[in-house]
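The values are calculated or read from the model by the stated rules, or taken from the named source; none is laboratory data. Just so we're clear, the structure is a prediction, and the values are computed from it rather than from any experiment. Counting neighbours? That spans all protein chains shown, and the Cβs are built from the backbone with ideal geometry, glycine included. When the accessible area is computed, the model is the full protein with side chains, heavy atoms only, and any ligands, DNA or RNA have been set aside. Shrake-Rupley method; radii C 1.70, N 1.55, O 1.52, S 1.80 Å.
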Amino acid sequence: MKIVGILGSPRKGGNTETLLDQALEEAQGKGALTEKIALREKAIAPCDGCLRCFKTGKCATQDDAQEVYQAMLEADGIIWATPVYFWSMTSQTKTMMDRSYALTVPELQLINKVGGIILVAGGRGCMNTANLFHQYFLYNHMFSVEYAYGYARQKGEIRKDDFATSMAREMANQMISLIQSNPRFPKEFSQPLPRYVRGKRSL
Ligand SMILES: Cc1cc2nc3c(=O)[nH]c(=O)nc-3n(C[C@H](O)[C@H](O)[C@H](O)COP(=O)(O)O)c2cc1C
């Protein structure tokens with residue numbers, strides 16, 4: 001079993017990374033192979049909307065996103081970890097999320113994987129940000145576990161938040177249980193919309 005954590009905080013050793021490390025440590029302790037990808041260390045261009053991926057299922061832009069794709073495809077569980085910036089994810093996170101559009105065509109390539117979320121805000125915006133990831137998981141026909149969140153501003157301050165640290169570990173445990181139960185969407189869910197809707201206008 002492999003779990004990858006995609007870290008979207010630009011701050012090394014910050015609050016989000018602290019929670020992600022705890023989740024990955026918990027997963028490792030339960031026997032999972034884990035990998036942490038710090039987006040701040042990667043050179044990843046924004047999606048240019050070329051839509052060449054529609055034909056190939058692969059992104060035409062050759063940069064560090066390619067190694068993130070590889071890790072996401074190999075993983076059974078994917079944890080997105082980001083601080084809240086203006087009621088949303090960081091731009092590093094959104095850039096990678098946009099680029100992962102290539103993994104949704106011509107069929108959903110992340111289908112049946114388990115998604116987790118770790119969020120840290122100074123005071124507000126976790127719920128709003130969690131919703132964005134939940135929509136992403138729904139769209140990808142992924143399964144979702146409880147999300148872990150906490151409130152902190154200064155580096156390391158999150159360690160004082162017992163609820164946040166235990167939620168991060170709980171989320172990892174839920175992810176492991178769900179992966180072990182091997183949930184599967186029916187075959188027709190391998191596309192984002194049923195065939196009879198595709199090609200027609202929809203919300
Ligand atoms: C550009 C920027 C925007 C932010 N926007 C919000 C926000 O909308 N709501 C909030 O509660 N905190 C906000 N914060 C505070 C961060 O979420 C908080 O400091 C968090 O602990 C940072 O996580 P990190 O240590 O992993 O970088 C913002 C911080 C920055 C730098």
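Please identify the helices of the chain, taking whole runs of DSSP H, that span at least 20 Å along their own axis as judged from the Cα atoms and have a mean Kyte-Doolittle score of -1.0 or higher.
Those that pass (Cα extent of 20 Å or more, hydropathy at least -1.0) are 15-29, 126-140, 162-180.
What percentage of all Cα-Cα pairs in the chain are separated by more than 27 Å?
Working: 5614 of 20503 pairs.
Summing the P(r) of the chain above 27 Å gives 27 percent of all pairs.
Label points 7 Å out from Cα along the Cβ direction at A60 and Y139: separation in nm?
Result for the modelled spin labels: 2.0 nm.
What does the extension gain come out to for E35 and Y101, with contour length at 0.36 nm per residue minus their alpha carbon separation?
Details: separation 66, 0.36 × 66 = 23.76 nm, distance 2.13 nm.
Contour length minus the Cα-Cα distance gives 21.6 nm.
Among E188, E25, E157, which one shows the highest mean-square fluctuation when the chain is modelled as a Gaussian network with alpha-carbon springs under 10 Å?
Comparing E188, E25, E157 in the GNM, the peak value goes to E188.
By how many nm would the segment from S166 to L73 grow when fully extended, if each residue of separation counts as 0.36 nm and the alpha-carbon distance is taken off? The partial results should precede the final answer.
Working: separation 93, 0.36 × 93 = 33.48 nm, distance 2.77 nm.
Roughly 30.7 nm would be gained on extension.
Round to the nearest 10 and report in Å² the accessible area of K113, as given by a 1.4 Å probe over the protein chains' heavy atoms.
Rounded to the nearest 10, that gives 30 Å².
In nm, to one decimal, how far is the modelled label at D48 from the one at N182, with both set 7 Å along Cα→Cβ?
Computed distance between label sites D48 and N182 equals 4.3 nm.
Rank by packing, highest mean first: peptides 40-46, 115-121, with packing defined as the count of other Cβ atoms within 10 Å averaged across residues.
Details: 40-46: 12.7, 115-121: 26.4.
So the peptides 40-46, 115-121, ranked by packing, come out 115-121, 40-46.
For Cα pairs less than 8 Å apart in space and 6+ apart in sequence, what is the mean separation divided by the residue count of the range 68-203, i.e. the relative contact order in percent? Kindly include the intermediate steps, with their values, before the conclusion.
Details: 187 pairs, mean separation 35.4, N = 136.
About 26 percent, as a whole number.
At a 10 angstrom cut-off on C-beta neighbours, averaged per residue, how do the peptides 136-145, 11-20, 74-83 rank from highest to lowest?
Result, highest mean Cβ count within 10 Å first: 74-83, 11-20, 136-145.
What accessible surface, in Å², does a 1.4 Å probe find on Y69, ignoring ligands, DNA and RNA and rounding to the nearest 10?
Surface open to solvent at Y69 totals about 10 Å².
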